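K.L.:
Have a look at the structure that comes next, please.
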Amino acid sequence: MNELHKAIGLGAHGVGVGSFAYFRRIFERLIQSRFDEFYETESWDPDTFRTARMDDKVGIIKSHIPDVLFENRKIYAVLSKGIHELTEEECLAAFPWLKSSIMFILDDDLRKKDELKQREQVANALAGFG
């Protein structure tokens, strides 16, 4: 994930606000990708989703994201505040725990995807066994 590497590199070189921008993009893309993946099967309205606040977007796709992401959705507000209001020093002070949080969310998302894939394989195998 190129954006993760950029965020980490910027943080390591003392560019806190820039690292927040890349972390926020990662968060946004994860939310958007889940919406894109499930909106038809869930009958979600793309226009409603597009104009919703991020907190509401996370609520819409709650059943398709890791619990840790839903429980910690406030991270997005922290990232936005960092981009628009915090100093470099304040962003750099928050960088370590935000990096850990984003990495944990990405790892958990990967595990959830793998679990869903395995469940689908089992369901298909059972359906074909009959």
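The values are calculated or read from the model by the stated rules, or taken from the named source; none is laboratory data. The structure displayed is predicted, hence computed values, not measured ones. Every residue, glycine among them, receives a Cβ derived from its backbone with ideal geometry; neighbour counts consider all protein chains shown.
K.L.:
Go over the candidates Arg53, Arg29 one by one and state the one that is among the basic types (Lys, Arg) and closer than 28 Å to Lys117 by Cβ.
P.N.:
Exactly one of Arg53, Arg29 is among the basic types (Lys, Arg) and closer than 28 Å to Lys117 by Cβ, namely Arg29.
K.L.:
Do we find a residue being in contact with an Asp or Glu (Cβ under 9 Å, 6 or more places away or on another chain) and surrounded by fewer than 19 Cβ atoms within 10 Å (Cβ to Cβ) anywhere in region 82-104?
P.N.:
No: zero hits.
Each row is one residue, and each column tells you yes or no for (1) of a type outside the set (S, T, N, Q); (2) surrounded by fewer than 17 Cβ atoms within 10 Å (Cβ to Cβ); (3) in contact with a helix residue (DSSP H, G or I) (Cβ under 9 Å, 6 or more places away or on another chain).
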| site | (1), (2), (3) |
| --- | --- |
| Glu3 | yes, yes, yes |
| Lys6 | yes, no, yes |
| Gly9 | yes, yes, yes |
| Ser19 | no, no, yes |
| Phe23 | yes, no, yes |
| Arg29 | yes, yes, yes |
| Phe35 | yes, no, yes |
| Trp44 | yes, yes, yes |
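K.L.:
Shifting gears a bit: Looking at (1) polar (S, T, N, Q); (2) within 18 Å of the chain's Cα centre (by Cα); (3) over 26 Å from Lys113 (Cβ atoms), find the lone condition where Thr87 falls short.
P.N.:
With respect to (1) polar (S, T, N, Q); (2) within 18 Å of the chain's Cα centre (by Cα); (3) over 26 Å from Lys113 (Cβ atoms), Thr87 is out only on (2).
K.L.:
Moving to a separate point now. Inspect region 55-73 for any residue being in contact (Cβ under 8 Å) with a residue 60 or more places away in the chain, surrounded by 17 or more Cβ atoms within 10 Å (Cβ to Cβ) and out of contact with any Lys or Arg (no Cβ under 7 Å at 6 or more places or on another chain) and give the result as yes or no.
P.N.:
Checking region 55-73: not a single residue is in contact (Cβ under 8 Å) with a residue 60 or more places away in the chain, surrounded by 17 or more Cβ atoms within 10 Å (Cβ to Cβ) and out of contact with any Lys or Arg (no Cβ under 7 Å at 6 or more places or on another chain).
K.L.:
A further question on this structure: I need the full set of residues from region 6-47 which are out of contact with any Asp or Glu (no Cβ under 9 Å at 6 or more places or on another chain) and among the hydroxyl-bearing types (Ser, Thr, Tyr), in order please.
P.N.:
Listed by number, the residues that qualify are Ser19, Ser33, Thr41, Ser43.
K.L.:
Could you count how many residues in region 91-118 are of a type in the set (Phe, Trp, Tyr) and either closer than 15 Å to His64 by Cα or within 16 Å of the chain's Cα centre (by Cα) (or both)?
P.N.:
Within region 91-118, residues that are of a type in the set (Phe, Trp, Tyr) and either closer than 15 Å to His64 by Cα or within 16 Å of the chain's Cα centre (by Cα) (or both) number 2.
K.L.:
Take Glu40 and tell me if it is in a helix (DSSP H, G or I), modelled with pLDDT of 90 or more, acidic (Asp, Glu) and under 25 Å from His5 (Cβ atoms).
P.N.:
No, not satisfied.
K.L.:
Any chance you could count how many residues in region 4-28 are touching a residue at least 24 places away in the same chain (Cβ under 8 Å) and in a helix (DSSP H, G or I)?
P.N.:
Counting residues in region 4-28 that are touching a residue at least 24 places away in the same chain (Cβ under 8 Å) and in a helix (DSSP H, G or I) gives 14.
K.L.:
Please list, ordered by first then second residue, the pairs with beta carbon atoms under 8 Å, 6 or more apart or interchain, first in region 94-118 and touching a residue at least 60 places away in the same chain (Cβ under 8 Å) and over 17 Å from Arg73 (Cβ atoms), second loosely packed, with under 15 Cβ neighbours inside 10 Å and of a type in the set (Val, Ile, Thr).
P.N.:
That search, which allows pairs on different chains as well, returns nothing.
K.L.:
Is it the case that region 109-117 has a residue that's over 26 Å from Gly18 (Cβ atoms), of a type in the set (A, V, I, L, M) and surrounded by 10 or more Cβ atoms within 10 Å (Cβ to Cβ)?
P.N.:
Taking every residue of region 109-117 in turn, at least one turns out to be over 26 Å from Gly18 (Cβ atoms), of a type in the set (A, V, I, L, M) and surrounded by 10 or more Cβ atoms within 10 Å (Cβ to Cβ).
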